[in-house]
Amino acid sequence: MHSVPKHLPNAAAASTGTLRGRAAQQDPWWIRWGLISCSIAVLLVLVILPVANVFYHAFSHGPVVYWQNLTADAETWNAIRLTLLVAPVSVALNVIFGVAAAWAITRFRFPGRTLLTTIIDLPFAISPVVAGLMFVLLFGAKGYFGPWLQANHLQVLNAFPAIVMVTTFVTLPFVARELIPVMEAIGADEEIAAISLGANGWQMFWRITVPNIKWGLLYGVILCNARAMGEFGAVYVVSGRIIGKTETMPIRVGTLFEGGTSATYASSFALASVLTMLALVTLFIKIALERKTAADLKEAASIQQTE
Amino acid sequence: MSIVVKNLSKQFGSFKALDDVSLEAQSGSLLALLGPSGSGKTTLLRIIAGLESADRGSVLYEAEDVTHQSPKDRQVGFVFQHYALFRHMSVFENVAFGMRVRNRPGAEIKQRVQELLHLVRLEGLAQRYPSQLSGGQRQRVALARALAVQPRILLLDEPFGALDAKVRQELRQWLRQLHDEIHLTTIFVTHDQEEAFEVADRVVVMRGGHIEQSGSPQEVFDHPATPFVMDFLGNVNVFHGRVENGMAMLGALNIAYPEYPHAESRDATAYVRPHELDIERFPFGTSSLEVRVTQVNPAGSVAKIRVFSEQFGLALNVDLNLERYIELQLKPGDQVYVSARRVRVFMPNAPEYSI
């Protein structure tokens, strides 16, 4: 019985403490409810309704018509094929660049290191249309390389190479930005240990570095891929929008939408719904990977802590 | 295999990490590089391993110059301060790594890993992951992994730095035992003088990128070559003063000092370890100093007493053995007398004199 009176004041103090703490964090009910309903309203009008509407329009005449709308004309098929080619190539280029950049930034100390970190983010800040224009200025008929390319019969602008280049440009930061914090947190210790045990650079990279960064890398790849498939502005400028040749999926959606007939209108919604589905799938994979990378970082932190 | 280091220098930017360092570790010996952080000991170890390159100087294993060899060709076992275990690999795969990258056959790897796990007493944990191990277990996995490549020498960077006191003590003794079994020339880095003295055959004390003193633990402890070594090897009481005419006048402490019979007065500093001071209730001899007890801490194997001399404004640490402490019945505030059994006097730019 001794412990009870001894305990009580403490418990009371503790509970008033938390009550006070909570009260300080809590705003009046009308502010809380006001903010919550505001956010829901904005989400509903700007996100949920439009997304749902795309699917509603696309499927309004049933899945069979939907499939016909999607596959009726060869040009739409062509756009899908082009996107499925451009995106993986850009992603691959980005993986190579991203790993190399993240490696350089986290493993070496060199002059211009912070500048490089900043420049990697530049494509996020530049409007895609402007990015497209920059490539036109370089590779167009009046651009720096234009005459030389023409003389050698190399087609860059209004063709596959330019589409890949601008897509790679606008997606450049994704992989590197994901990897830099992961590699920073994990540190170089394991890599140096591998070298001390006789591994060469290649063995060290594949057996130690890649397994350690794989979730972060995959996360970057997923985001990069989604952006690469959805890119419109930059591709719009450099592709020439040659129907059946240089139209990607988003460009094709635009062309069909402006087609003027109810058939093209329906097709544009069908194609848009494919892009939207892609976004939703990306979102779910992203959530799953975020948990994985968070667990990796937590483990890295806990190992460093116990040491 | 002996290790010889000749005139190594290494600079990081404007910081001189190593300045013309030479040393030799005899074949089969266990050598400790001891020093505070920034003394260059880890840099030296990494250069010996080939993980860092020197600006000048050379590294030899036995008679073979390995200065320009890769870590792989040098065949060293290196244990990292924070173990650097491969987090996505099991204990088995961690230990096997060095053999896997050398493309050894699977059966050989399996046998060798089992032998090593037995050696470091981790047989049952082969399938665990590093995150599931305690600090002491991780440390032993790191050691087994380093030994798996049949290294010619073993290098350990602060091997016990991250462990708690009890585990550290156990692992120290175990490392010494293991060394006696496998007889691999071993160099380890530590900032803990107790650890260096307990484990090593030879201790090399480093400071500011150069070697301050090297010798057996006994030699270094009993005959510190410089005030720095004296100070670094544990608690000391410092007295500043002068010497002349065979006398050292150190404020509170005036003692005969026949090693310096000259009339010319010179600056000197005297160092006395806490256990080299005695406490009496009454004045005794000529050199005892009147002090007041300020703090008494009898916890541990010795009683740590703090006393203060009002006359000289000087605080001293005294270690008494427990019997003596009980006999004296010391309490804070007591008036007592302190004398030194042993004093080391250092004069700037002069060798050590010991009384």
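The values are calculated or read from the model by the stated rules, or taken from the named source; none is laboratory data. Bear in mind that the values here come from a model prediction, so they are computed numbers and not experimental data. Backbone-built Cβ (ideal geometry, glycine too); neighbour counts: all protein chains shown.
When you check residue A:281 against the structure, is it touching a Leu at 6+ places or on another chain (Cβ under 8 Å), of a type in the set (A, V, I, L, M, F, W, C), more than 14 Å from every other protein chain (Cβ to nearest Cβ) and not in a loop (DSSP other than H, G, I, E, B), yes or no? Don't jump to the end; show me each part of the working.
Numbers: touching a Leu at 6+ places or on another chain (Cβ under 8 Å): no; of a type in the set (A, V, I, L, M, F, W, C): yes; more than 14 Å from every other protein chain (Cβ to nearest Cβ): yes; not in a loop (DSSP other than H, G, I, E, B): yes.
So residue A:281 does not fit the description; no.
Within the set of pairs 6+ apart or on separate chains, which have a first residue in region B:131-153 that is more than 10 Å from chain A (Cβ to nearest Cβ) and surrounded by fewer than 24 Cβ atoms within 10 Å (Cβ to Cβ), a second that is of a type in the set (Gly, Ala, Ser) and not in a helix (DSSP H, G or I), and C-beta atoms under 7 Å apart?
From residues that are more than 10 Å from chain A (Cβ to nearest Cβ) and surrounded by fewer than 24 Cβ atoms within 10 Å (Cβ to Cβ), the pairs are B:147/B:77.
Let's see how each residue does on (1) touching a strand residue (DSSP E or B) at 6+ places or on another chain (Cβ under 8 Å); (2) assigned by TED's automatic domain parsing to the domain that holds residue B:205; (3) more than 27 Å from residue B:305 (Cα to Cα):
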| site | (1), (2), (3) |
| --- | --- |
| B:248 | yes, no, no |
| B:257 | yes, no, yes |
| B:261 | no, no, yes |
| B:265 | yes, no, yes |
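Condition first: over 22 Å from residue B:174 (Cβ atoms), away from every other protein chain (no Cβ under 14 Å) and crowded, with 21+ Cβ neighbours inside 10 Å. Can you find one or more residues in region B:80-95 that meet it? Steps first, please.
First, pick out the residues of region B:80-95 that are over 22 Å from residue B:174 (Cβ atoms): B:86-90, B:93.
From what's left, away from every other protein chain (no Cβ under 14 Å): none.
No, region B:80-95 contains no residue that is over 22 Å from residue B:174 (Cβ atoms), away from every other protein chain (no Cβ under 14 Å) and crowded, with 21+ Cβ neighbours inside 10 Å.
Name every residue in region A:23-79 that is of a type outside the set (A, V, I, L, M), in a helix (DSSP H, G or I) and over 30 Å from the mean Cα position of the chain (by Cα), in order of residue number. Reasoning before the result, please.
Taking region A:23-79 as the starting set, the residues that turn out to be of a type outside the set (A, V, I, L, M) are A:25-30, A:32-34, A:37-39, A:50, A:53, A:55-57, A:59-63, A:66-69, A:71, A:73, A:75-78.
Imposing the further condition that a residue be in a helix (DSSP H, G or I) reduces the set to A:25, A:29-30, A:32-34, A:37-39, A:50, A:53, A:55-57, A:59, A:62-63, A:66-69, A:71, A:75-78.
The answer is A:25, A:29, A:30, A:32, A:33, A:34, A:62, A:68.
Name every residue in region B:135-167 that is at pLDDT below 90 and farther than 26 Å from residue B:27 by Cα, in order of residue number.
B:135, B:136, B:162, B:163, B:164, B:165, B:166, B:167
Can you spot a residue in region A:242-253 that is aliphatic (A, V, I, L, M), closer than 12 Å to residue A:78 by Cα and assigned to a helix (DSSP H, G or I)?
Pass one, region A:242-253, residues aliphatic (A, V, I, L, M): A:242-243, A:249, A:251, A:253.
Among the residues that remain, those that are also closer than 12 Å to residue A:78 by Cα are: A:242-243, A:249, A:251.
Then drop every residue that is not assigned to a helix (DSSP H, G or I), which leaves A:249, A:251.
Yes, region A:242-253 contains a residue that is aliphatic (A, V, I, L, M), closer than 12 Å to residue A:78 by Cα and assigned to a helix (DSSP H, G or I).
With respect to residue B:56, determine if the residue is more than 10 Å from chain A (Cβ to nearest Cβ) and either out of contact with any helix residue (DSSP H, G or I) (no Cβ under 8 Å at 6 or more places or on another chain) or surrounded by fewer than 16 Cβ atoms within 10 Å (Cβ to Cβ) (or both). Before the answer, list the steps.
Numbers: more than 10 Å from chain A (Cβ to nearest Cβ): yes; either out of contact with any helix residue (DSSP H, G or I) (no Cβ under 8 Å at 6 or more places or on another chain) or surrounded by fewer than 16 Cβ atoms within 10 Å (Cβ to Cβ) (or both): yes.
Spelling it out, residue B:56 is indeed more than 10 Å from chain A (Cβ to nearest Cβ) and either out of contact with any helix residue (DSSP H, G or I) (no Cβ under 8 Å at 6 or more places or on another chain) or surrounded by fewer than 16 Cβ atoms within 10 Å (Cβ to Cβ) (or both).
Any idea which of B:248, B:256, B:315, B:270 is more than 24 Å from residue B:36 (Cα to Cα) and surrounded by 17 or more Cβ atoms within 10 Å (Cβ to Cβ)?
Values: B:256 fails: surrounded by 17 or more Cβ atoms within 10 Å (Cβ to Cβ); B:315 fails: surrounded by 17 or more Cβ atoms within 10 Å (Cβ to Cβ); B:270 fails: more than 24 Å from residue B:36 (Cα to Cα).
On inspection, the qualifying residue turns out to be B:248.
Can you go through B:177, B:193, B:213, B:169 and tell me which one is more than 22 Å from residue B:341 (Cβ to Cβ), surrounded by 20 or more Cβ atoms within 10 Å (Cβ to Cβ) and out of contact with any Lys or Arg (no Cβ under 8 Å at 6 or more places or on another chain)?
Going through B:177, B:193, B:213, B:169 in turn, the sole match is B:213.
Could you run through region A:194-221 and say how many residues are among the charged types (D, E, K, R) and either facing chain B (nearest Cβ under 7 Å) or within 25 Å of residue B:76 (Cβ to Cβ) (or both)?
1
Could you check, for region A:100-108, whether at least one of its residues is in a helix (DSSP H, G or I) and within 18 Å of the chain's Cα centre (by Cα)? Steps first, answer last, please.
The first filter runs over region A:100-108 and keeps only residues in a helix (DSSP H, G or I), leaving A:100-107.
Next, from what is left, pick out any that are within 18 Å of the chain's Cα centre (by Cα): A:101-102.
Yes, region A:100-108 has at least one match.
For residues in region B:255-280 being more than 30 Å from the chain's Cα centre (by Cα) and of a type in the set (D, E, K, R), which is farthest from residue B:292 (Cα to Cα)?
Once the filter is applied, the top-ranked residue is B:264.
Only one of B:112, B:102, B:121, B:128 is of a type outside the set (A, V, I, L, M, F, W, C), surrounded by fewer than 21 Cβ atoms within 10 Å (Cβ to Cβ) and either within 11 Å of another protein chain (Cβ to nearest Cβ) or in contact with a strand residue (DSSP E or B) (Cβ under 6 Å, 6 or more places away or on another chain) (or both). Can you tell me which?
Values: B:112 fails: either within 11 Å of another protein chain (Cβ to nearest Cβ) or in contact with a strand residue (DSSP E or B) (Cβ under 6 Å, 6 or more places away or on another chain) (or both); B:121 fails: either within 11 Å of another protein chain (Cβ to nearest Cβ) or in contact with a strand residue (DSSP E or B) (Cβ under 6 Å, 6 or more places away or on another chain) (or both); B:128 fails: either within 11 Å of another protein chain (Cβ to nearest Cβ) or in contact with a strand residue (DSSP E or B) (Cβ under 6 Å, 6 or more places away or on another chain) (or both).
Only one candidate passes the filter, namely B:102.
I'm told residue B:177 meets every condition in (1) within 14 Å of chain A (Cβ to nearest Cβ); (2) within 19 Å of the chain's Cα centre (by Cα); (3) free of Cβ contacts under 8 Å to residues at least 12 places away in the same chain except one. Can you identify the failing condition by its number?
(1)
Look at region A:68-80 and say how many of its residues are in contact (Cβ under 8 Å) with a residue 12 or more places away in the chain and either in contact with a Phe, Trp or Tyr (Cβ under 7 Å, 6 or more places away or on another chain) or exposed (fewer than 15 other Cβ atoms within 10 Å of the Cβ) (or both). Talk me through it step by step, then tell me what you get.
Let us first name the residues in region A:68-80 that are in contact (Cβ under 8 Å) with a residue 12 or more places away in the chain, namely A:69-70, A:72-76, A:78-80.
Next cut, either in contact with a Phe, Trp or Tyr (Cβ under 7 Å, 6 or more places away or on another chain) or exposed (fewer than 15 other Cβ atoms within 10 Å of the Cβ) (or both) only: A:74.
Residues meeting the conditions: 1.
Mind checking which pairs have a first residue in region A:111-124 that is within 17 Å of residue A:184 (Cβ to Cβ) and assigned by TED's automatic domain parsing to the domain that holds residue A:101 and a second that is of a type in the set (Lys, Arg) and surrounded by 12 or more Cβ atoms within 10 Å (Cβ to Cβ), Cβ under 9 Å, 6 or more apart or different chains?
Partner pairs satisfying both residue conditions: A:120/A:177; A:121/A:177.
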